[in-house]
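This report refers to the structure that appears directly beneath it.
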Amino acid sequence: MAIAPHRIIYLIFPSIIILAGLFVQNSYYLQVLTFIGINTLLALGLNLLMGYAGQISLGHAAFYGIGAYTTAVLTVHYGLSPWAALPCALAVSALVALIVGFPTLKLTGYYLGMGTLGFGMIVHIVFREWSDLTGGASGFIGIPPLDLGPISFSSGRNYFYLVWAIVMMCLVVSNRLINSRVGRALRSIHDSEIAAGAMGINTMSLKIRVFVLSAVFSALAGFLYAHFVMFISPGSFDFLVSIRIVTMVVIGGMASIWGALFGATLLTLLPEWLHAFSEFEMVVYGLILMVVMILLPQGLTRGVLDIYEKSKTRNR
Amino acid sequence: MKNRKQETADTSDLLAVQSLSKAFGGLQALYDVSFTVERGTIYGLIGPNGAGKTTLFNLITGVFSPDEGRILFENKEIQGIPIYDVVKTGIARTFQNVELFGGMTVLENVMVGCHVRSRSGFLGAVSRLPRVMKEERRIKQKSLELLDFVGLMPYSDQKSTDIPLGRQRMLEIARALAAVPDLLLLDEPAAGLNAVETRSLGELIAKIKEKGITMILVEHDMSLTMKVSDMVVVLDQGQKIAEGVPKDIQSDETVMAAYLGKSG
Amino acid sequence: MTRLKWAPFTAIVLSVSMLWAGMDITQARAEDTYKIGGIFSVTGRASFLGDPEKRSMEMVVDQINDRGGIDGKKVEAVIYDTEADPTKAVMAVGKLINRDKVIAIVGPSTTPTTLAVIGHAERAGVPLISCAAGNKITSPVKPWVFKTAQSDIHAVAAIYNHMKSKGIKKVGLLTVSNAFGESGKQQLESQAGSFGIKILRSESFGAKDTDMTAQLTKIRSEGAEAIVCWGTNPGPAVVAKNLKQLAMSIPLYQSHGVASPKFIELAGEAAEGILLPTGKILVHGLLDESDPQKAVLEQYVKNYEKIYKIPVSGFGGYAYDGMNILARAMQGTGGDRGKIRKNIETMKNFVGVSGVFNFSENEHNGLATDAFVMVKIENGKWSLIEQ
Amino acid sequence: MLQIRNLKCYYGRIMAAKGVSLSVRSGEIVTLIGANGAGKSTLLQAVCGLLPNWKGEILFEKKSLKGLAPPAIVKRGVSLVPEGRLIFPPLSVLDNLKLGAYTIYRKKEHERAAANMERIMELFPILRERSEQQAGTLSGGEQQMLAIGRAMMAEPKLLLLDEPSMGLAPLLVEKIMATLSDLRNEGLTILLVEQNANAALKIADRGYVLETGNIVLQGASSDLATDVEVKRAYLGKDYDEFYEGRT
Amino acid sequence: MQEILQYVVSGLTIGAIYAVIAVGFSMLFNSTELINFAQGEFVMLGAMGLVTLWGVFHIPLVLALLLTVAGVSVIGFLFERLAIRTVRNPHPIVLIIITVGASIFFRGLSMLIWGKDAYSLPPFTDTPPLDVFGAKLLSQSIWILCISLVLVAGLYFFYKKTLTGKAMQACAINKKAACLTGIPAERMVLLAFILSAAMGAVAGVIISPITMCSYDMGTMLGLKGFCAAMLGGLGSLWGSLIGGFLLGVLESLGVGLFTSGVKDAIAFIILLLILYFRPGGIISAKSVRRF
C-alpha cells in the first residue's frame, strides 16, 4: 500500500458528498440522503458505546428524543434561536446520560440491556404524558427551520450539506477519538475490563464518559431531525427505534466507524425497497435480520470482506 | 513522566504485606499472610492449586480489598485503593490467562500500557493540539522501545491475538512495563510455553531485574522459579508455610508435604 | 489486520452501490396523466384506517377514468404506505412531490403523520387533503391543507348534546394514550363547560392494554353518571367488556373511532346499549330518503362491496371524499396547483360520504355538527337516535 | 483398555498436552501425577469429550473416541469425576445419584439403576443417611463421595478421577483412596489424576509423571514413589542443567 | 376499600398473565442464558391459534387448547433448530438481534395469515362474574389464575419429580457436569425452548378471551413479562410467578391511586430500581434455590 487508506478516505468521502449534492437533482433523494445522515449520527454514537466500549444500550432513542424535544421546546415555547437551543439540547442529553449512566453502567450483559431499555421506555412515556410541554401523543408542531444568516437550511440541498458536514465532522471526531489515548483505553475495556483496570484505566468513569458522548451524538441527530421534519411525536423515539439503532450498528459491523455509515444506509433504504413487497415487508425484514446475524455475526462490512478474502484464497 | 529513582545501594523494603486475610463466602482464601519484598529483588510465590497465590495478587493490585491486614508499598498503605489507582503508585501486573486486548495491534497494546503515564483526554483526542500529538509520539516511541526490549518489534502491526502464545506473554510483560512500574507482578508467565520460550522468558526477567524493577513471580515451572528468584514464599491453603532462598525451599519438608502429600 | 483498513472503503462502496440501486434514474413520463398522490398507513398500527382509504381512493380514480378522466386526461394514483410513522410519511410526501411530481395529495391517515407532512406540503405548494380527524390540522388554517374527516369538535358536540338531552351532568373520561385519544380528550375537556357537564375523572389506557377494570373502578368510585371512551379498536371493545363485567350500568359513550362493524364483533354482547357519534355511512340504510347524503352513501357502499367483496368500513369514506373533492376542483385548471387550491377553498355544498362540505377561506374542513348522527347498538345492530 | 497415542490438545490458546502417550490396562489403577499446569486435567477432559479439538488418538476398548460428545462417551463406559466435584448443589443427594444413572433410566432399566443405587449406598453409608439432604450442604469429603457415587451410577468400565483429594483433610484422603482401592478389587479400572503424589502412588499399580504437557517419567508406582525425579517434577532442579537436556 | 380490592383482583388477573410469560423467560434463561425477545410473539401465536381453532373452526375448546399449545411448541422447536443452533458466534448482542428479527418475522407472518384486524373470543365458560366482597372477579380470571397456578405447579412437579426435569435442572446448574453424567445437554436446551414456547402459548390462550387478539399484541406483553421475570429474579420459577403478580397488582394500584398515564412507567421504574438496588430480583436466583 503506497498511501495509508485511512487518509485517502478523507478525500474520497467528502468528494462523494459534494458530488452527490451537485448531481442529485431530485430533492426526494436528497431527503433520503439526509435521513441516512441523521441515522448515521445515531449509529455512530451508539457504535462508540457498543462497538468500542462494549456496552449495549437498548434505549438510545431516548437521547435522540431528548435532543429533539429540548430544541423544540426551547425554540417554540421560549422563542430561542435554534442555534442557541443546540448547546442546550446537547447539554440536557449529556446531563441525563450522566445521571442515568452512573447506576446503569454498573450492570452488565442482559441486565445492562434491560436497564437501558427500561430507561428508554420511561423517557418515551414522559414525552407522551407531559403534554403541556411536549404536545403529548399527537406531537409537537411548529418547530422552526434552521437559518444561518442569509443561508436558509429549509431547502433540501442545503440541509443535506449541513447534515453531512456534521456527519463528516462526527466521523472525524470519532476516528480521532478511537486512535487516541482515550480511544485505546476504550477499546481495551471492550477486550478485557480487568486488564484495562490493571493498566490504570478507570473503566467506570471512562464508560460513563463514552455513554455521555454517545448521548450527545444522538441528541445532535435529534436536533437535526426536529428542524428537518419540523414536527416530532413520541412515536419517533420509542423502543422500536432504539432497536433499529442497535440493528444499524450490528448489521453494519460493530467496532468500525464506517460500519455505522453502512448500517444506517442499509436500514434507511431497506424499508424503502421493501415497499415493493408491501404485505411481506415485515416478514422479509425479520428474515434479513436473522439471516445476516446467523451467517455474518460480525456485521456486513466485515462479513463481505471475509467472503472476499475467502474467495480470493480459494481461487489461488 | 515519573522520575525513576536509581536504586542501587538502597535495599529498603519496597512492598510489605502484613497479616493479610481474605475470605470468599465461607472459604478462607488467605489467612494471616505476611512477607516483605526487598527493592530490586525477585520474589517467587509458589504453592499448590488453591493455595491463594492469585488471591494475593488480586489483593496487592486492588482487584479486591483485604478483610484484614495491610499492604505497604513504599511505606504507604495501598490496601483498598481501586485497581486503576494502584497502577499509578507503581505496581503493574500480567495475567495468568493472557488478558491481551485482542482487537488491537501489538503496538497498540503496549500503548494502552502507557495510559497512566500520559494525560490527554477526550478534548485532546479530538483537537489534536501539538501538545497532544507530542505526547502521542512520545507514547509511540516509548512503546516501540519496549517492543524492541522484549523482542517483538517485527510483530508490532499484527493483531495481538494472532501471534504465538509465547510472544503474547512477552507482550503482556511489555505492556506492564509501559506503566513504568517499580514493582511488577508476573502471574504464571511460563504457563503453556515450550522450553525455548521459557528460556527466553527467563532471560527477559533477568533483563528487567537489571533495570532495577522489583518482581513477584507466581509460577508453576519450578525450574524457572528456583533459577530466577532471590527469595521464595510458599503458600498452602491460604497460609504461608515457608519462606527462604530457593535452595532451602527445595529441600524443605513442609513444602514437600504440601506438594506431594504427607508421606507415610 | 490489513484487511480491516479496507473496512471504510467496503462500507462506502457498499453504501453507494446500494444508493445507486435504490434510485431509479428513469425520468418521469410525459405529462399525459394527472398524478395524484395518496399516503395512507396501509400497514402498521393505523392500518384499519389506511387500508380502506387506499381501496376507496383507487376506486374513485378508476371511476373517474371510466368516465373519461378529468378534462379528457386520465388520472393516476400514486399511493405510498406511511405505517403511521411520521418519518416515513415525510419521506413519502417528499417522494410524491419531488419524484412523482404529483398535483395534489390525499392523506395521510393519522393526525401525527399529517402534522409531520403539513410543512412540506405548504412549502412545496401542493394541495393536501388529509384523512385524519385532529383539530390541529385545520385550525389554525393553513392555505394548502384541507381535511375530510369529521373533526373531534363535532363528535364531542354530538355526544354532549345527547347527554344534555338525557340530563347527564357528571362524566368520567377514558381515552387511549395516543394522538387520537389525546385530541378527543382536549375537545371533551374544553367543551364540557358550555354544555354544563362536569368531568369528574379523566383516565387513559394503552392502545395494547388487555384490561381496563382498574380505570373503570376508579371512575365508578367518583360517582360518574356516564363514561365517554375515546379510542380506536380494539381498546374500546375491552372497555365495553370490562364495564359489563364490573356490572356497571351507567351509559357508555364511544367515539367515532370505533364506528365499524368490527367493534360490535369484538365487543360482542357487551356492545349492547353503547352510544356513539358516527358519520352517516354506518346507518345509511336507516337514513331518511330526504337526507342529501343518502344517494351518495348507497352508491359508495354498493360499489365498494361489489369491487372488494368485503363489508364497507366507516373510514374509507374520508379518502373517497378527498379524491372526489379534488377531482371536482381540478376541472378546468389544467393541473395548476394554485387554481386547484382556490377551487377547493370556494367549494360549497359538496355532498360526500362524510357529510356536506362547505369550504371557505377560514374553514378547511367544511363539515358541521350535522355530519354526525348518534347511534345506539341494539341487538348487535346500529340504530339511529333521532335528535 | 484405554490407549492414548501422541495426544496433543489445546486449552484455550495454550498447548496443554504436547504428544502424550499412555495406556491403562483392564483392572488396574493408573495414576497421573505432576505439578499444577502440567496438563493432567486437560488430558482427562480430552478423554471424556469435553475438549473437542485434540489431535492424536484416544482408543477405548480398541475404538476411537474422536468426535464423540460426553454423553456418548459415558454410554461407552467412561465416567469422569471432575475436578472440584461439580455435584448439583441444589438437588438432593438422591437426585444427584439418580442423574448419574440417567442413561440407564432412559433405557427403562429401573431395577438396574436401583441395584446400582443400593451398591453405592453400601459403599458410602453416609450418603444413605443424607439422601434427602441438599447436596450443597454436604461436607467436602461427603461431596467427593457423592461425586464418585454419581459417576459409578452409570456403571462405568473405566473411572477417571480428577484430583479427588483436593481440599480434603488427610484422613478423608486416605478414606477416599481406600475406597478406590476397593473398587479396583471389584474389577473397576481407574485412571487417577492427583497432585497428592504420595497418596496416589500408594494405591496405584502404575504411574505417569507429567510435566508441562509431556510425560517425563513412568513406571510401577512403588518405583516412582522413591524416585527423585518425581520430586524434581514438582519442585524443579537446577535450571540450566535441566533445560540443556531438553533443547 | 372496595375499590382497592377491585384493583388487587384486576391486578392479579393481569399479573397471572405476566407471571406465565415471565416463567417462560426464566425457564429459557435458566437452561440457555438466553433472553428470547420473541417470547411475546409466542404469546400472540397462542392467542391467534385459539382464535382460529376455537373461534373460526369451532374445534372443541380443550382440543383446540392442546392443539394450539402443541403447534406453538413446534414453532419453538423449529426456531431453536433453525435460528439459534445455527448461530456461529453466540454473543449476547447477536442473539438479541436474532430474536428481535424473529419477533418481527413472526409478527409479519401473522399479519399475512390473520390480517390486521383484531379478534375476540368468548370466555371459556359463560358464568357471571364472581362477587368477592364487592369486587368483581371474572370467570375467565378464575380460569387464568387456576391455569397459571396449575401450570407453575406442574412445572415445579416436573422439575422436582421427573428425571427429565431434574436433568434439565442439572444442565442449568452446570452444563459440563451434566454432560459428564450422560445427560444430552443440547437436547435439554431444545426441550427448554419448546417448553418456554409452550408457556408463551398458554399465556396467549388464556388471555385471548379477556382481551382482543391481533398480530401485534405480543410485543408489549413480552416486555412486561420480561420485567416481571427480572423483578422476581431471572431464572427463578417462583420468583417469576411472584414478580408477575406483583407487577400486575402494582400496575393496577398505580392506576387506582395515581393516574393511568404512568401505569406503564411504573413497570419500568420498578425494573430500574430492582436492577440498581437488587439485581438478582426479589427472590435472588443466586442466593436462593433456583427452583
Checklist line | Gaussian network model of chain C, Cα within-10 Å springs - most flexible of C:GLY285, C:GLY37, C:GLY107 | finding: C:GLY285
Next item on the list: For chain E, go through all pairs of different Cα atoms, get the mean of 1/r, take its inverse, and jot down that Kirkwood value in Å.
Entry: 19.2 Å
Note to self: Can you work out the Karplus-derived ³J(HN,Hα) for every residue in segment C:136-142? Use 6.51 cos²θ - 1.76 cosθ + 1.60 with θ = phi - 60°, whole Hz, and x for glycine or proline.
What the structure shows: 4, 5, 10, 9, x, 6, 10
Margin query: What does the structure give for A:171-182 when I average, per residue, the other chain Cβ atoms found within 10 Å of the residue Cβ?
Written below: 5
Margin query: Let's see if you can work this out: charge +1 on each Lys and Arg Cβ, -1 on each Asp and Glu Cβ, no other charges. What is the dipole magnitude of chain A about its Cα centre, in debye to the nearest 20?
Written below: 1100 debye
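Per-residue Cβ counts within 10 Å, from other chains only, averaged over D:116-128: what number is that?
Mean number of neighbouring Cβ atoms from other chains: 0.
If you build the convex hull over the alpha carbons only and average its shadow over all orientations, what do you get for segment C:275-330? Give it in nm² to one decimal.
Averaged projected area of segment C:275-330's Cα convex hull equals 4.7 nm².
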Checklist line | Drop in accessible area of at least 20 Å² in the complex versus isolated chain, residues of segment B:37-53, 1.4 Å probe | finding: B:ASN49
Notebook entry, point to check: Normalised by the number of residues in chain D, what is the relative contact order in percent for Cα pairs under 8 Å and 6+ residues apart?
Noted result: 27 percent
Checklist line | At R0 = 22 Å, FRET efficiency that the Cβ-Cβ distance of B:GLU253 and D:GLU229 yields, to 0.05 | finding: 0.70
Item checked: Amide H within-cut-off set for C:LYS74, under 5 Å, with H built and near neighbours excluded -> C:TYR34
Next item on the list: Please tell me the relative contact order of segment E:2-288 in percent, rounded to the nearest whole number, where contacts are Cα pairs under 8 Å and at least six residues apart.
Entry: 39 percent
Margin query: I want to make sure I understand the PRE zone here: with the label point 7 angstrom from the Cα of B:THR36 toward its beta carbon, which residues in segment B:53-87 have backbone N atoms less than 14 Å away?
Written below: B:71-76
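How big, on average over all directions, is the shadow cast by the Cα convex hull of segment A:137-220, in nm²?
Value for segment A:137-220: 8.6 nm².
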Next item on the list: Pick out, from C:GLY167, C:THR114, C:LEU128, the residue whose Cα sits farthest towards the positive end of the charge dipole of segment C:98-169, with +1 on the Cβ of Lys and Arg and -1 on the Cβ of Asp and Glu.
Entry: C:GLY167
Item checked: Chains E and C, summed buried accessible surface - 1.4 Å probe, Å², nearest 100 -> 2600 Å²
Next item on the list: Mind checking which of D:SER92, D:GLN144, D:ILE104 is farthest towards the positive end of segment D:86-155's charge dipole, using Cβ charges of +1 (Lys, Arg) and -1 (Asp, Glu) about the Cα centre?
Entry: D:ILE104
Notebook entry, point to check: Placing +1 at every Lys and Arg Cβ and -1 at every Asp and Glu Cβ, with all other atoms neutral, what dipole size does segment E:2-288 have around its Cα centre, in debye to the nearest 20?
Noted result: 960 debye
Item checked: Spin-label model distance (nm) - A:ILE8 vs A:SER205, 7 Å beyond Cα toward Cβ -> 4.2 nm
Checklist line | Simple label model, 7 Å out from Cα along Cβ direction - C:ASP336 to A:ALA84, nm | finding: 4.4 nm
Checklist line | Minimum 50 Å² accessible area buried by the other protein chains, segment E:182-202 residues, probe 1.4 Å, relative to alone | finding: E:GLY182
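What stretch of chain B, leaving out the sites themselves, is the longest with no trypsin sites (Lys or Arg not before Pro) in a DSSP loop having at most 16 other Cβ atoms within 10 Å?
B:6-118
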Next item on the list: Using the heavy atoms of the protein chains and a 1.4 angstrom probe, tell me the accessible area per residue for segment D:26-171 in square angstrom.
Entry: 37 Å²
Next item on the list: Would you work out which of D:VAL47, D:ILE58, D:PHE124 lies farthest towards the positive end of the dipole of segment D:31-151? Charges go on Cβ: Lys and Arg +1, Asp and Glu -1.
Entry: D:ILE58
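Express the carbon and sulfur contribution to the solvent-accessible surface of the protein assembly as shown as a percent, rounded to the nearest whole number, probe 1.4 angstrom.
58 percent
Once you sort the root eigenvalues of the Cα gyration tensor of segment A:1-117 as a ≥ b ≥ c, which label holds: rounded (a/c under 1.5), prolate (a/b larger than b/c) or oblate (the other case)? It would help to have the intermediate numbers written out before the result.
Values: a/c = 2.35, a/b = 1.24, b/c = 1.89.
Oblate.
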Note to self: Rounded to two decimal places and with Rh computed the Kirkwood way over Cα pairs, what is Rg over Rh for chain C?
What the structure shows: 1.03
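Past the 20 Å Cα-Cα mark, which pairs from B:LYS134/B:LYS159; C:LYS218/C:LYS244; C:LYS54/C:LYS306; C:LYS88/C:LYS262; D:LYS75/E:LYS160?
Long pairs (Cα-Cα over 20 Å): B:LYS134/B:LYS159; C:LYS88/C:LYS262; D:LYS75/E:LYS160.
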Item checked: Where GluC sites (Glu not before Pro) fall in DSSP loop in segment D:153-222, at most 13 other Cβ within 10 Å -> D:GLU186
Check: How much of the DSSP beta bridge set in the protein assembly as shown is antiparallel, as a percent to the nearest 5?
Finding: 50 percent
Check: What residue among E:LEU247, E:LEU50, E:LEU272 has the largest mean-square fluctuation in a Gaussian network model of chain E, using Cα springs under 10 Å?
Finding: E:LEU272
Check: Which of the helices in chain E, when you take each full DSSP H run, stretch at least 24 Å along the axis at their Cα atoms and have an average Kyte-Doolittle score of -1.0 or higher?
Finding: E:2-32, E:61-79, E:92-114, E:139-161, E:185-207, E:237-257
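For chain A, what is the relative contact order in percent, using Cα pairs closer than 8 Å and at least 6 residues apart in sequence?
32 percent
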Notebook entry, point to check: Points 7 angstrom from Cα along the Cβ direction at B:LEU129 and C:GLU265: gap in nanometres?
Noted result: 7.0 nm
Note to self: Can you say what percent of the DSSP beta bridges in chain D, counting only those with both residues inside, are antiparallel? Round to 5.
What the structure shows: 55 percent
Next item on the list: Please provide three numbers in whole Å: the alpha-carbon extents of the protein assembly as shown along the principal axes, with the largest listed first.
Entry: 119, 78, 61
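Compute the FRET efficiency between D:ALA169 and B:ASP148 as 1/(1 + (r/R0)^6), taking r as their Cβ-Cβ distance and R0 = 56 Å, and round to the nearest 0.05.
On the way: r = 52 Å, r/R0 = 0.93.
So the FRET efficiency works out to roughly 0.60.
With the alpha-carbon atoms as the only input, what is the per residue convex hull volume for segment D:86-155 in Å³?
On the way: hull volume 5.0 nm³, N = 70.
Convex hull of Cα atoms, per residue: 72 Å³.
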Notebook entry, point to check: Based only on the alpha carbon positions, what is the Kirkwood hydrodynamic radius of segment E:151-291, in angstrom?
Noted result: 16.7 Å
Checklist line | Average beta carbon contacts from partner chains per residue of B:107-116, 10 Å cutoff | finding: 5
Check: Could you list, bin by bin from short to long, the percent of Cα-Cα pairs of segment A:16-238 in 5 Å steps?
Finding: 1, 7, 14, 18, 18, 15, 12, 8, 5, 2, 0, 0
Next item on the list: Provide, for q = 0.19, 0.26 Å⁻¹, the log10 of I(q)/I(0) from a solvent-free Debye sum over equal Cα point scatterers in segment A:197-278.
Entry: -1.06, -1.33
Note to self: Taking 60 Å as R0, compute the FRET efficiency from the Cβ-Cβ separation of A:LYS310 and C:GLU272 and round it to 0.05.
What the structure shows: 0.30
Margin query: Could you report segment A:16-238's accessible area per residue, 1.4 Å probe, as an integer in Å²?
Written below: 28 Å²
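The values are calculated or read from the model by the stated rules, or taken from the named source; none is laboratory data. Note that this is a predicted model, so its numbers are computed, not measured. Glycine gets a Cβ as well: all are built from the backbone with ideal geometry, and neighbour counts include every protein chain shown. Ligands, DNA and RNA are stripped out before the accessible areas are found, and what is left, the full protein with its side chains, is counted by its heavy atoms. Shrake-Rupley method; radii C 1.70, N 1.55, O 1.52, S 1.80 Å.
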